[in-house]
Amino acid sequence: MQNNTFSTLFVGQNFIKLKEVDSTNNFLKNMVSNSEPLAEGTVIMADHQFAGRGQQESVWTTEPGKNISTSIYLRPTFLPLNRQFYLNMAISLAVCEALSTVIPEGIKLKWPNDIYYNNKKLGGILIENTLTGLSLKSSVIGIGLNINQENFSDEISQKATSVIQILHKETLLEDILEKIFVFMEKYYLILKSGKYNILQKDYLKRLYNFNILASYKQNGEIFEGSITGVEENGRLIMETKLGIQSFNFKEIEFIHTQ
(Lines give C-alpha, C1' and ligand atoms only; values in the text may rest on other atoms or scores of the structure.)
Protein backbone atom coordinates (compact mmCIF):
# COMPACT_ATOMS: atom_id res chain seq x y z
CA MET A 1 0.00 0.00 0.00
CA GLN A 2 1.28 3.40 -0.93
CA ASN A 3 0.33 6.93 0.00
CA ASN A 4 0.91 9.22 -2.94
CA THR A 5 1.15 12.91 -3.45
CA PHE A 6 -1.56 13.30 -6.06
CA SER A 7 -2.85 16.87 -6.00
CA THR A 8 -6.35 15.78 -5.00
CA LEU A 9 -8.55 15.98 -1.94
CA PHE A 10 -9.39 12.29 -1.68
CA VAL A 11 -9.25 10.39 -5.01
CA GLY A 12 -5.93 8.53 -5.13
CA GLN A 13 -4.79 9.52 -1.65
CA ASN A 14 -5.01 5.83 -0.73
CA PHE A 15 -3.26 4.24 -3.74
CA ILE A 16 -2.50 0.53 -4.05
CA LYS A 17 -0.41 -0.70 -6.98
CA LEU A 18 -0.31 -4.38 -7.94
CA LYS A 19 1.93 -6.22 -10.37
CA GLU A 20 -0.80 -8.57 -11.53
CA VAL A 21 -4.45 -9.22 -10.76
CA ASP A 22 -7.42 -10.89 -12.45
CA SER A 23 -9.48 -7.72 -12.29
CA THR A 24 -8.90 -4.49 -10.36
CA ASN A 25 -12.68 -4.22 -9.87
CA ASN A 26 -12.81 -7.70 -8.31
CA PHE A 27 -9.83 -6.91 -6.06
CA LEU A 28 -11.39 -3.67 -4.86
CA LYS A 29 -14.82 -5.25 -4.29
CA ASN A 30 -13.17 -7.94 -2.15
CA MET A 31 -11.42 -5.23 -0.13
CA VAL A 32 -14.72 -3.44 0.42
CA SER A 33 -16.43 -6.61 1.69
CA ASN A 34 -13.53 -8.00 3.73
CA SER A 35 -11.92 -5.02 5.42
CA GLU A 36 -12.70 -2.19 7.77
CA PRO A 37 -14.52 0.75 6.18
CA LEU A 38 -12.45 1.75 3.17
CA ALA A 39 -11.50 5.37 2.52
CA GLU A 40 -13.54 6.94 -0.26
CA GLY A 41 -11.28 7.59 -3.23
CA THR A 42 -9.17 4.44 -2.68
CA VAL A 43 -7.51 3.43 -5.97
CA ILE A 44 -6.26 0.04 -7.16
CA MET A 45 -3.94 -0.02 -10.18
CA ALA A 46 -2.40 -3.08 -11.83
CA ASP A 47 0.52 -3.40 -14.25
CA HIS A 48 -1.20 -6.48 -15.68
CA GLN A 49 -4.90 -7.29 -15.51
CA PHE A 50 -5.37 -10.74 -17.00
CA ALA A 51 -9.16 -11.04 -16.71
CA GLY A 52 -10.40 -7.49 -16.95
CA ARG A 53 -14.07 -7.06 -17.77
CA GLY A 54 -16.04 -4.69 -19.91
CA GLN A 55 -19.79 -4.17 -19.99
CA GLN A 56 -22.00 -7.29 -19.90
CA GLU A 57 -19.02 -9.52 -19.00
CA SER A 58 -17.09 -8.87 -22.21
CA VAL A 59 -13.33 -9.33 -21.79
CA TRP A 60 -10.92 -6.40 -21.71
CA THR A 61 -7.38 -7.42 -22.72
CA THR A 62 -4.35 -5.23 -22.13
CA GLU A 63 -0.59 -5.43 -22.64
CA PRO A 64 1.29 -5.54 -19.28
CA GLY A 65 2.77 -2.24 -18.10
CA LYS A 66 1.60 -0.27 -21.13
CA ASN A 67 -1.88 0.87 -20.22
CA ILE A 68 -4.10 2.12 -17.42
CA SER A 69 -6.05 -0.59 -15.60
CA THR A 70 -7.46 0.96 -12.46
CA SER A 71 -10.44 0.91 -10.12
CA ILE A 72 -11.69 3.63 -7.79
CA TYR A 73 -13.95 3.33 -4.75
CA LEU A 74 -16.67 5.95 -4.25
CA ARG A 75 -19.66 6.27 -1.92
CA PRO A 76 -22.30 8.29 -3.80
CA THR A 77 -24.96 7.71 -1.11
CA PHE A 78 -26.50 11.07 -2.01
CA LEU A 79 -27.55 9.83 -5.47
CA PRO A 80 -31.09 8.45 -5.97
CA LEU A 81 -31.31 5.12 -7.81
CA ASN A 82 -33.32 6.61 -10.67
CA ARG A 83 -30.46 9.05 -11.34
CA GLN A 84 -27.51 6.68 -11.08
CA PHE A 85 -26.57 7.20 -14.75
CA TYR A 86 -25.42 10.69 -13.77
CA LEU A 87 -22.51 8.98 -11.99
CA ASN A 88 -21.62 7.36 -15.32
CA MET A 89 -21.77 10.81 -16.94
CA ALA A 90 -19.51 12.34 -14.28
CA ILE A 91 -16.87 9.60 -14.52
CA SER A 92 -16.95 9.53 -18.34
CA LEU A 93 -16.52 13.30 -18.53
CA ALA A 94 -13.60 13.18 -16.10
CA VAL A 95 -11.78 10.60 -18.23
CA CYS A 96 -12.48 12.58 -21.41
CA GLU A 97 -11.19 15.82 -19.92
CA ALA A 98 -8.05 14.08 -18.65
CA LEU A 99 -7.32 12.63 -22.10
CA SER A 100 -8.09 15.97 -23.75
CA THR A 101 -5.17 17.55 -21.92
CA VAL A 102 -2.85 15.47 -24.12
CA ILE A 103 -5.15 14.92 -27.15
CA PRO A 104 -6.95 18.25 -27.63
CA GLU A 105 -9.33 17.15 -30.41
CA GLY A 106 -11.37 14.04 -31.19
CA ILE A 107 -12.07 12.56 -27.73
CA LYS A 108 -15.67 11.34 -27.56
CA LEU A 109 -17.98 9.27 -25.35
CA LYS A 110 -19.71 6.37 -27.07
CA TRP A 111 -22.87 5.55 -25.16
CA PRO A 112 -23.02 4.17 -22.60
CA ASN A 113 -19.39 4.16 -21.45
CA ASP A 114 -16.72 3.71 -24.13
CA ILE A 115 -14.04 6.32 -24.72
CA TYR A 116 -13.39 7.01 -28.40
CA TYR A 117 -10.86 8.91 -30.46
CA ASN A 118 -12.63 9.77 -33.70
CA ASN A 119 -14.08 6.36 -34.74
CA LYS A 120 -11.80 4.10 -32.70
CA LYS A 121 -12.04 2.83 -29.14
CA LEU A 122 -9.47 4.25 -26.73
CA GLY A 123 -10.85 2.76 -23.55
CA GLY A 124 -13.86 1.88 -21.46
CA ILE A 125 -15.48 2.31 -18.07
CA LEU A 126 -17.24 -0.31 -15.93
CA ILE A 127 -19.24 0.92 -12.92
CA GLU A 128 -20.48 -1.64 -10.40
CA ASN A 129 -22.89 -0.27 -7.81
CA THR A 130 -23.94 -1.67 -4.45
CA LEU A 131 -27.45 -0.58 -3.45
CA THR A 132 -29.11 0.11 -0.12
CA GLY A 133 -32.81 0.87 -0.07
CA LEU A 134 -33.57 3.56 -2.64
CA SER A 135 -30.03 4.91 -2.98
CA LEU A 136 -26.49 3.85 -3.78
CA LYS A 137 -24.28 2.47 -1.02
CA SER A 138 -20.99 2.32 -2.90
CA SER A 139 -19.53 2.23 -6.40
CA VAL A 140 -16.47 0.55 -7.84
CA ILE A 141 -15.34 2.42 -10.95
CA GLY A 142 -13.19 0.42 -13.36
CA ILE A 143 -11.27 2.36 -16.01
CA GLY A 144 -9.25 0.78 -18.80
CA LEU A 145 -7.35 3.01 -21.24
CA ASN A 146 -4.98 2.16 -24.09
CA ILE A 147 -1.97 4.41 -23.50
CA ASN A 148 1.39 3.02 -24.66
CA GLN A 149 0.26 -0.16 -26.44
CA GLU A 150 1.23 0.04 -30.11
CA ASN A 151 -0.15 -3.25 -31.45
CA PHE A 152 -3.53 -4.92 -31.08
CA SER A 153 -4.84 -8.33 -32.10
CA ASP A 154 -6.15 -8.68 -35.65
CA GLU A 155 -9.79 -8.86 -34.56
CA ILE A 156 -9.71 -5.44 -32.86
CA SER A 157 -6.87 -3.60 -34.62
CA GLN A 158 -9.32 -1.79 -36.94
CA LYS A 159 -11.51 -0.73 -34.03
CA ALA A 160 -9.00 0.13 -31.29
CA THR A 161 -6.38 2.81 -30.86
CA SER A 162 -4.06 4.13 -28.15
CA VAL A 163 -2.50 7.40 -27.06
CA ILE A 164 0.87 6.34 -28.49
CA GLN A 165 -0.71 5.59 -31.88
CA ILE A 166 -2.28 9.06 -31.88
CA LEU A 167 0.66 11.10 -30.54
CA HIS A 168 3.54 8.87 -31.78
CA LYS A 169 5.27 9.17 -28.42
CA GLU A 170 5.02 7.54 -25.00
CA THR A 171 3.02 9.15 -22.21
CA LEU A 172 3.62 8.63 -18.50
CA LEU A 173 0.73 6.64 -17.06
CA GLU A 174 0.98 8.56 -13.77
CA ASP A 175 0.43 11.88 -15.58
CA ILE A 176 -2.83 10.66 -17.12
CA LEU A 177 -3.89 9.05 -13.84
CA GLU A 178 -3.40 12.24 -11.86
CA LYS A 179 -5.47 14.20 -14.36
CA ILE A 180 -8.24 11.58 -14.17
CA PHE A 181 -8.29 11.89 -10.38
CA VAL A 182 -8.38 15.70 -10.49
CA PHE A 183 -11.21 15.84 -13.02
CA MET A 184 -13.06 13.04 -11.24
CA GLU A 185 -13.19 15.13 -8.10
CA LYS A 186 -14.42 18.10 -10.12
CA TYR A 187 -17.30 16.20 -11.71
CA TYR A 188 -18.08 14.19 -8.56
CA LEU A 189 -18.57 17.45 -6.65
CA ILE A 190 -20.83 18.75 -9.45
CA LEU A 191 -22.82 15.51 -9.12
CA LYS A 192 -22.94 15.80 -5.33
CA SER A 193 -24.29 19.35 -5.55
CA GLY A 194 -27.14 18.11 -7.76
CA LYS A 195 -26.19 20.13 -10.84
CA TYR A 196 -27.48 17.45 -13.20
CA ASN A 197 -28.07 19.94 -16.01
CA ILE A 198 -24.32 20.66 -16.22
CA LEU A 199 -23.52 16.95 -16.48
CA GLN A 200 -26.22 16.39 -19.09
CA LYS A 201 -25.06 19.34 -21.21
CA ASP A 202 -21.36 18.41 -21.05
CA TYR A 203 -22.12 14.73 -21.72
CA LEU A 204 -24.12 15.53 -24.88
CA LYS A 205 -21.29 17.78 -26.13
CA ARG A 206 -18.95 14.79 -25.92
CA LEU A 207 -21.42 12.16 -27.16
CA TYR A 208 -20.30 10.16 -30.18
CA ASN A 209 -22.76 10.44 -33.12
CA PHE A 210 -24.87 13.05 -31.31
CA ASN A 211 -27.27 14.64 -33.83
CA ILE A 212 -25.59 12.67 -36.64
CA LEU A 213 -27.50 10.26 -38.88
CA ALA A 214 -25.77 6.89 -38.60
CA SER A 215 -26.44 3.16 -38.94
CA TYR A 216 -27.31 0.87 -36.02
CA LYS A 217 -28.35 -2.74 -35.60
CA GLN A 218 -31.21 -4.13 -33.52
CA ASN A 219 -32.21 -7.81 -33.52
CA GLY A 220 -30.15 -8.38 -36.65
CA GLU A 221 -31.83 -5.54 -38.56
CA ILE A 222 -29.89 -2.44 -39.62
CA PHE A 223 -31.62 0.92 -39.33
CA GLU A 224 -30.67 4.60 -39.47
CA GLY A 225 -31.12 7.00 -36.61
CA SER A 226 -29.88 10.20 -35.04
CA ILE A 227 -29.09 10.36 -31.30
CA THR A 228 -30.96 13.26 -29.72
CA GLY A 229 -30.33 12.70 -26.01
CA VAL A 230 -29.89 10.39 -23.03
CA GLU A 231 -32.53 9.89 -20.33
CA GLU A 232 -31.46 10.21 -16.69
CA ASN A 233 -31.90 6.45 -16.27
CA GLY A 234 -29.35 5.99 -19.08
CA ARG A 235 -31.63 5.06 -21.99
CA LEU A 236 -30.50 6.40 -25.36
CA ILE A 237 -32.99 8.63 -27.18
CA MET A 238 -32.90 8.42 -30.96
CA GLU A 239 -34.93 9.80 -33.84
CA THR A 240 -35.64 7.13 -36.46
CA LYS A 241 -38.07 6.73 -39.32
CA LEU A 242 -40.48 5.30 -36.74
CA GLY A 243 -40.23 8.51 -34.70
CA ILE A 244 -38.57 9.08 -31.33
CA GLN A 245 -37.41 5.82 -29.74
CA SER A 246 -35.42 5.00 -26.61
CA PHE A 247 -33.06 2.06 -26.17
CA ASN A 248 -31.63 0.33 -23.13
CA PHE A 249 -28.06 -0.92 -22.79
CA LYS A 250 -27.18 -3.62 -25.32
CA GLU A 251 -30.50 -3.26 -27.16
CA ILE A 252 -28.76 -1.71 -30.16
CA GLU A 253 -25.32 -2.05 -31.70
CA PHE A 254 -23.31 0.75 -33.26
CA ILE A 255 -22.18 -0.06 -36.81
CA HIS A 256 -18.43 0.53 -36.82
CA THR A 257 -17.11 3.02 -39.38
CA GLN A 258 -13.50 3.58 -40.37
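Against the conditions (1) free of Cβ contacts under 8 Å to residues at least 24 places away in the same chain; (2) touching a Ser or Thr at 6+ places or on another chain (Cβ under 9 Å), where does G133 fall short? Just the number, please.
(2)
From the list E178, E231, E185, E170, pick out the single residue that is more than 30 Å from G12 (Cβ to Cβ) and of a type in the set (D, E).
E231
Determine which single condition A214 fails, assuming it passes every other condition in (1) of a type outside the set (V, I, T); (2) open to solvent by less than 30 Å² (accessible area, probe 1.4 Å); (3) under 15 Å from the mean Cα position of the chain (by Cα).
(3)
Given the conditions (1) at pLDDT 95 or above; (2) closer than 19 Å to Q13 by Cβ, and given that E105 satisfies all but one, which numbered condition is not satisfied?
Failed condition: (2).
Restricting to the stretch 88-106, name every residue that is of a type in the set (D, E, K, R) and part of a loop (DSSP other than H, G, I, E, B).
E105
Check S157, S135 and return the single one that is surrounded by fewer than 17 Cβ atoms within 10 Å (Cβ to Cβ), in contact with a strand residue (DSSP E or B) (Cβ under 7 Å, 6 or more places away or on another chain) and among the polar types (S, T, N, Q).
S135
Restricting attention to the stretch 233-258, which residues are crowded, with 16+ Cβ neighbours inside 10 Å, under 18 Å from Q84 (Cβ atoms) and either assigned by the TED database to the domain that holds W111 or in contact (Cβ under 8 Å) with a residue 24 or more places away in the chain (or both)?
Across the stretch 233-258, the qualifying residues are G234, L236, F247.
Residues are listed down the side, and each one gets a yes or a no for (1) out of contact with any His (no Cβ under 8 Å at 6 or more places or on another chain); (2) acidic (D, E); (3) at pLDDT below 95:
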position: Y196; (1), (2), (3): yes, no, no
position: E224; (1), (2), (3): yes, yes, no
position: L236; (1), (2), (3): yes, no, no
position: S246; (1), (2), (3): yes, no, no
position: F254; (1), (2), (3): yes, no, yes
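Given the condition surrounded by 15 or more Cβ atoms within 10 Å (Cβ to Cβ) and on the phi > 0 side of the Ramachandran plot, answer yes or no: does some residue in the stretch 181-203 qualify?
Within the stretch 181-203, none of the residues are surrounded by 15 or more Cβ atoms within 10 Å (Cβ to Cβ) and on the phi > 0 side of the Ramachandran plot.
Being in the same structural domain as W111 (by the TED database), under 29 Å from P76 (Cβ atoms) and either touching a strand residue (DSSP E or B) at 6+ places or on another chain (Cβ under 8 Å) or in contact (Cβ under 8 Å) with a residue 60 or more places away in the chain (or both) is true for just one of I166, I176, I227. Which residue is that?
That would be I176, the only listed residue that is in the same structural domain as W111 (by the TED database), under 29 Å from P76 (Cβ atoms) and either touching a strand residue (DSSP E or B) at 6+ places or on another chain (Cβ under 8 Å) or in contact (Cβ under 8 Å) with a residue 60 or more places away in the chain (or both).
The values are calculated or read from the model by the stated rules, or taken from the named source; none is laboratory data. The structure displayed is predicted, hence computed values, not measured ones. A quick note on method: Cβ atoms are made from the backbone with ideal geometry, for glycine too, and the neighbour counts reach across all protein chains shown. Side chains are part of the model used for accessible areas, which takes the heavy atoms of the whole protein and leaves out ligands, DNA and RNA. Shrake-Rupley method; radii C 1.70, N 1.55, O 1.52, S 1.80 Å.
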